[in-house]
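The values are calculated or read from the model by the stated rules, or taken from the named source; none is laboratory data. This structure is a prediction, so every number in the text was calculated from the model and none was measured. Backbone-built Cβ (ideal geometry, glycine too); neighbour counts: all protein chains shown.
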Amino acid sequence: MTALAPDLVDLSTSLAAARLPNPVLTASGCAAAGRELEPFSPVASLGAVVTKSVTLAPRAGRPTPRMAETPSGMLNSIGLQNLGVDAFLAHDLPWLAERGARAVVSVAGGSVDEYAELARRLRDAPALVAVEVNISCPNVEDRGQVFACDPVAAAQVIAAVRAVTPEGVPVLAKLSPDVTDIVEIARSCVDAGADGLTLVNTLLGMVIDPDTLRPALAGVTGGLSGPAIRPVAVRCVWQVHAALPEVPLLGAGGITTGLDALQFVLAGASAVSVGTAIFGDPSAPARVLTELRTALAERGFARLVEAVGYAHRAKIGDEHRPEPTATPPRRPFWRLGEEDL
């Protein structure tokens, strides 16, 4: 491929029916509804803002401490703190709409009925381009089982949300990597009506404070995010795209640079979410977008969509792989003679 000028690269993409000007979104929970990012770069310049997960009723969240730093990442146990869907509809979505931003609204609930009611409340909401269903929440109807870890429970939530969501608004199922077979969960969600998938949510982790000799988080366990989980997230995108190549994927997990984002795109993601990096660099989404455009141009991609899943093409006949260099087998060291030394 011949390198191109970055400004010649077409970054437009889509997540099912949601047409986006570029593939870089925020990640749910890392920038609320985007107000914190506006002083650093216009939220309308991003592909979309993925809002913090909203619930039916206001939630105070878990007790502090809620966050702990880890090597190359962060552990959090916020507990879905938010003001509830009524306040969200009254203040946050109108604010995004006024600025011309696109909103992917993340919803979370403790039962199938709660998810369905949230989706109902969002009908005809301003700025809404997609609904992201955070099914990595405990299922209170099943003794705390997480929806995303059970293909049947996950499908029930997605089917309920899809049934009350307008046809032109895609429903994205946000999946957990804490499962044995993520393709099984992905296929179950798609069969239930998911238009696309977000891969992945945080990994369950834990930190123990060596001074207090107790768990560092009040909630004991929390979600691990940041660069530490990126290889896991890329693997999940790769596996799901290989199994379900026609399903749009939103990649998330440890993206801090444009080259990180490119990995997800090559693995099969049509768009990416930048999350934990925002805490150290509020301009990270805009920077990643610029860097991704340059990375695509340097590799000769005139359009982002040409790069989606490109890494899988190397498997077809191995035509993109270099021929291996033949080397004679090495003898065990105890059989080496003087001529080998």
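Look through region 251-264, keep the residues that are out of contact with any Lys or Arg (no Cβ under 9 Å at 6 or more places or on another chain) and either within 18 Å of residue 175 (Cβ to Cβ) or among the small types (Gly, Ala, Ser) (or both), and return whichever of them is surrounded by the fewest Cβ atoms within 10 Å (Cβ to Cβ).
If we take residues in region 251-264 being out of contact with any Lys or Arg (no Cβ under 9 Å at 6 or more places or on another chain) and either within 18 Å of residue 175 (Cβ to Cβ) or among the small types (Gly, Ala, Ser) (or both), then 261 is surrounded by the fewest Cβ atoms within 10 Å (Cβ to Cβ).
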Hits in region 239-296 (condition: part of a strand (DSSP E or B) and small (Gly, Ala, Ser)): 251, 252, 271, 273
Filter result for residue 90 (without any contact (Cβ under 8 Å) to a residue 24 or more places away in the chain and not in a loop (DSSP other than H, G, I, E, B)): yes
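When you scan region 84-101, do you find a residue that is surrounded by 19 or more Cβ atoms within 10 Å (Cβ to Cβ), under 16 Å from residue 174 (Cβ atoms) and at pLDDT 95 or above, even just one?
No.
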Answer from 48, 32, 17, 44 - the residue that is closer than 17 Å to residue 128 by Cβ, modelled with pLDDT under 95 and aliphatic (A, V, I, L, M): 32
Residues that are farther than 21 Å from residue 16 by Cα and in contact with a strand residue (DSSP E or B) (Cβ under 6 Å, 6 or more places away or on another chain), drawn from region 41-51: 43
Residue list for region 201-239, restricted to those being touching a Leu at 6+ places or on another chain (Cβ under 6 Å) and buried (at least 24 other Cβ atoms within 10 Å of the Cβ): 202, 222, 224, 229, 236, 237
Cβ pairs under 6 Å, 6+ apart, first in region 33-48 and farther than 16 Å from residue 276 by Cβ, second among the basic types (Lys, Arg) and modelled with pLDDT of 95 or more: 43/99; 44/99; 48/102
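Based on this model, can you work out whether residue 220 counts as among the aliphatic types (A, V, I, L, M) and more than 23 Å from the chain's Cα centre (by Cα)?
For residue 220, the condition - among the aliphatic types (A, V, I, L, M) and more than 23 Å from the chain's Cα centre (by Cα) - is met.
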Residue in region 112-132 that is among the hydrophobic types (A, V, I, L, M, F, W, C), more than 17 Å from the chain's Cα centre (by Cα), at pLDDT 95 or above and farther than 26 Å from residue 244 by Cβ present: yes
Qualifying residue in region 51-59 (condition: closer than 21 Å to residue 197 by Cα and small (Gly, Ala, Ser)): yes
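Give the residue that is surrounded by the fewest Cβ atoms within 10 Å (Cβ to Cβ), with candidates limited to residues of region 108-126 that are of a type outside the set (D, E, K, R) and part of a helix (DSSP H, G or I).
By that ranking, first place goes to 112.
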Selection within region 12-29 - part of a loop (DSSP other than H, G, I, E, B), hydrophobic (A, V, I, L, M, F, W, C) and surrounded by fewer than 24 Cβ atoms within 10 Å (Cβ to Cβ): 16, 17
Which listed residue, of 302, 284, is at pLDDT 95 or above and surrounded by 22 or more Cβ atoms within 10 Å (Cβ to Cβ): 284
Scope region 127-152; condition small (Gly, Ala, Ser) and either surrounded by fewer than 20 Cβ atoms within 10 Å (Cβ to Cβ) or under 22 Å from residue 167 (Cβ atoms) (or both); matching residues: 127, 130, 144
